[in-house]
Amino acid sequence: MFPKASLLLGLTVPGSHLWTFQKAFADVSKNHGYFMMSVELAVASFSSGSKDMQAHRLLEVGRAQQESWTVIFLMDLELGQTICRKRAEDLGHCPLQEGPGEKVSCTFVVDSQPWITQFTLVNSTCQQNQGEGAPISRSRPSSSG
């Protein structure tokens, strides 16, 4: 009976492996259209969710990756706090605040469904680069459309 059981087990393990897709993140161009829209959502979500009165803007894109078989993006962004209010129209030209604790490094995961113009913030983890602030960690879904 034991040899039959091991033969049966040997047949089922390889068969089950065929149906497994490994979802891994791979590098994607930082200029990819859907990636850039996901970056905009991540920055806007962080800025609107912060307790600060001033807006944050993108300073640098570090890691830019897309999960295989999906349109889910993983990104490392550096954000800077501006002197402008959150509702300012042209944040791209708004000067950054000077001083410690004004820059934040974040990792975001954004689920994109561009065919219905929906982008959802799945997770965000942020930490101030300077100053004595403790890491800022948030995980809240948000959508824009």
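Some notes on this structure:
- Legend: residues Arg63, Arg87, Arg57, sorted from most to least accessible area (1.4 Å probe; ligands, DNA and RNA excluded), read Arg87, Arg63, Arg57.
- Accessible area ranking (1.4 Å probe, heavy atoms, ligands and nucleic acids excluded), largest first, for Val110, Val61: Val61, Val110.
- Net length gained if the chain between Ile83 and Ala26 were fully extended (0.36 nm per residue, minus Cα distance): 17.0 nm
- Note on exposure: His32, His56 ranked by accessible area (1.4 Å probe, complete protein assembly) read His32, His56, with the most exposed listed first.
- Among the protein heavy atoms, those of Ile116 account for about 90 Å² of accessible surface (1.4 Å probe, every chain in place).
The values are calculated or read from the model by the stated rules, or taken from the named source; none is laboratory data. Bear in mind the structure is a predicted one, so any value in this text is a computation, not a measurement. To get the accessible areas, we keep the full protein, side chains included, count just its heavy atoms, and leave off ligands, DNA and RNA. Shrake-Rupley method; radii C 1.70, N 1.55, O 1.52, S 1.80 Å.
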